[in-house]
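Peer 1: I'd like to ask some things about the structure below.
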Amino acid sequence: MYGNDLSPTASPVTRNDDNLEDDTDFQATIDSAGRIEPRDAMPEAYRNNLIRQIAQHAHSEIIGMQPEGNWISRAPSLKRKAILMAKVQDEAGHGLYLYAAAETLGADRADLLDMLHTGRQKYSSIFNYPTLTWADMGAIGWLVDGAAIVNQVPLCRCSYGPYARAMVRVCKEESFHQRQGFEILHTLSNGTPAQHAMAQDAVDRWWWPSLMMFGPPDEASPNTERSMRWGVKRFSNDELRQRFVDMTVPQAEALGLTLPDPELRWNAESEHWDFGEIDFTELFEVIKGNGPCNAQRMAHRRRAHDEGAWVREAASAYAAKRAADDPVQAVA
Ligand code: BYC
């Protein structure tokens with residue numbers, strides 16, 4: 001699924017070369033919407049840019065388990081609990097696909113996790129906000145997973161094969177997540193006045209951080225131009241943000257909830273929804289580590305990693321034993 005021919009007898013993955021920036025084969029493949037695969041020659045900068053984005057994406061998936069994990073023990077029914085557990089498990093699976101995709105570029109998973117734990121690699125700002133009520137599970141599913149879908153569907157056409165293929169499955173699962181969030185909010189919105197107020201409060205708190213998930217505005221996005229030229233990103237941050245707003249406004253109406261933006265209005269000329277100014281200083285502060293839950297999220301992640309050391313040791317010992325017993329089976 002993620003790569004091609006990763007057997008130990010094949011040539012190593014590191015056929016990268018700095019001077020391939022002008023490489024005609026590489027650029028021709030990109031320009032014809034073809035796929036770059038792990039053993040194809042690629043510029044070192046392309047490889048590093050992909051590792052950066054895929055690693056941040058993988059870290060976001062596993063940190064993203066925490067805000068929702070917070071509500072597994074307090075879900076209002078057995079059915080809700082089972083659905084939430086399945087969703088949180090899906091996020092772990094997404095992390096797995098993405099770390100595997102990064103490995104096809106020669107990255108080492110332990111190194112990537114170390115960079116997360118020491119603050120040298122980022123994860124999405126959105127997961128540094130607290131989940132205060134059950135309605136937050138609805139708002140996360142509807143808005144956060146909704147934003148994730150808008151951002152990630154174009155990544156299914158990313159020029160790097162293993163990332164694009166991982167995204168196909170991730171997007172299918174995100175669609176289910178988005179629908180379950182919408183359904184939670186729909187139930188609350190049509191429930192008692194207190195439940196409706198709880199749903200509205202959650203949407204009020206998650207709306208602006210969801211818009212920030214798309215990253216800084218285009219003029220302040222250092223990576224976009226190159227990522228688009230290389231077919232990694234297919235749309236800019238602002239284009240995807242606008243698409244998300246256009247998609248979400250009618251859904252809010254269907255839910256009977258309002259979006260907390262007095263400047264939101266239909267623009268008949270542009271045929272898009274105009275929206276108010278985003279406070280990007282908040283995004284930059286959260287990215288720097290100053291969001292409401294950054295310290296808590298990282299402490300929990302480091303603790304989980306330390307407590308899982310014995311599992312990694314046991315898995316490595318088992319893999320080594322299998323390799324010694326039957327080298328052919330071990331790589332199959
Ligand atoms: N939070 O030049 P830019 C999910 C960083 S998973 C934190 O525009 P780029 C889900 C950016 O990394 C959600 N950092 O960057 C999971 C860059 O820093 P570096 C995650 C952010 O890469 C579980 C710098 O700011 N989704 O939805 O062109 C449960 C300048 O930005 C953020 C992905 O990762 C942010 N919001 O564009 C439920 C999708 N925004 O690396 C849901 C894949 C920007 O230069 N990633 N930064 O030090 C992407 O599509 C792109 O990487 C981004 C940013 C649009 C996020």
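The values are calculated or read from the model by the stated rules, or taken from the named source; none is laboratory data. What you are looking at is a predicted structure, and each value in this text was computed from that prediction instead of being measured. In this analysis, Cβ positions are derived from the backbone assuming ideal geometry, glycine residues included, and neighbour counts consider all displayed protein chains. We work out accessible area using only protein heavy atoms, side chains counted, and drop any ligands, DNA or RNA first. Shrake-Rupley method; radii C 1.70, N 1.55, O 1.52, S 1.80 Å.
Peer 1: Hey, does the range 175-186 have a residue that's open to solvent by less than 50 Å² (accessible area, probe 1.4 Å), more than 20 Å from the chain's Cα centre (by Cα) and not aromatic (F, W, Y)?
Peer 2: Scanning the range 175-186, I find at least one residue that is open to solvent by less than 50 Å² (accessible area, probe 1.4 Å), more than 20 Å from the chain's Cα centre (by Cα) and not aromatic (F, W, Y), so the answer is yes.
Peer 1: If you take the residues in the range 63-76 that are in a helix (DSSP H, G or I) and either open to solvent by less than 20 Å² (accessible area, probe 1.4 Å) or more than 8 Å from the ligand (Cβ to nearest atom) (or both), which one is nearest to G119 (Cα to Cα)?
Peer 2: Result: I63.
Peer 1: Same structure again: Run down R226, R234 and say which single residue is closer than 29 Å to M42 by Cβ, open to solvent by 80 Å² or more (accessible area, probe 1.4 Å) and in contact (Cβ under 8 Å) with a residue 12 or more places away in the chain.
Peer 2: R226
Peer 1: Sticking with this one: Scan V311, V328 and give me the residue that is within 21 Å of I63 (Cα to Cα) and part of a helix (DSSP H, G or I).
Peer 2: V311
Peer 1: Let me ask something additional. Which of the residues belonging to the range 267-284 are open to solvent by 70 Å² or more (accessible area, probe 1.4 Å) and within 11 Å of the ligand (Cβ to nearest atom)?
Peer 2: Correct list: F284 only.
Peer 1: Please work out which one of (1) assigned to a helix (DSSP H, G or I); (2) in contact with a Ser or Thr (Cβ under 7 Å, 6 or more places away or on another chain); (3) more than 15 Å from the ligand (Cβ to nearest atom) is the condition L257 fails and give its number.
Peer 2: Of the numbered conditions (1) assigned to a helix (DSSP H, G or I); (2) in contact with a Ser or Thr (Cβ under 7 Å, 6 or more places away or on another chain); (3) more than 15 Å from the ligand (Cβ to nearest atom), the odd one out for L257 is (1).
Peer 1: So which residues in the range 77-106 are surrounded by fewer than 19 Cβ atoms within 10 Å (Cβ to Cβ) and of a type in the set (S, T, N, Q)?
Peer 2: Matches in the range 77-106: S77, Q89.
Peer 1: What is the residue count in the range 38-52 for residues that are at pLDDT below 95 and either under 18 Å from G215 (Cβ atoms) or near the ligand (Cβ under 10 Å from one of its atoms) (or both)?
Peer 2: Counting residues in the range 38-52 that are at pLDDT below 95 and either under 18 Å from G215 (Cβ atoms) or near the ligand (Cβ under 10 Å from one of its atoms) (or both) gives 0.
Peer 1: Next question. Restricting the first residue to the range 258-275 and requiring it to be farther than 12 Å from V245 by Cα, which pairs with a second residue that is open to solvent by less than 50 Å² (accessible area, probe 1.4 Å) and among the small types (G, A, S) meet a Cβ separation below 9 Å and a spacing of at least six or different chains?
Peer 2: Qualifying pairs under 9 Å: T258/A252; P262/G276; E263/G276.
Peer 1: With respect to A55, determine if the residue is open to solvent by 10 Å² or more (accessible area, probe 1.4 Å) and at pLDDT 55 or above. Write out each step before concluding.
Peer 2: Details: open to solvent by 10 Å² or more (accessible area, probe 1.4 Å): no; at pLDDT 55 or above: yes.
Spelling it out, it is not the case that A55 is open to solvent by 10 Å² or more (accessible area, probe 1.4 Å) and at pLDDT 55 or above.
Peer 1: Being free of Cβ contacts under 8 Å to residues at least 40 places away in the same chain, over 30 Å from Q296 (Cα atoms) and not aromatic (F, W, Y) is true for just one of A41, A45. Which residue is that?
Peer 2: Of the residues listed, the single one that is free of Cβ contacts under 8 Å to residues at least 40 places away in the same chain, over 30 Å from Q296 (Cα atoms) and not aromatic (F, W, Y) is A41.
Peer 1: Listed residues A82, A101; which is within 14 Å of the ligand (Cβ to nearest atom), of a type outside the set (D, E, K, R) and in a helix (DSSP H, G or I)?
Peer 2: It is A101.
Peer 1: Take F244 and tell me if it is aromatic (F, W, Y) and within 15 Å of the ligand (Cβ to nearest atom).
Peer 2: For F244, the condition - aromatic (F, W, Y) and within 15 Å of the ligand (Cβ to nearest atom) - is met.
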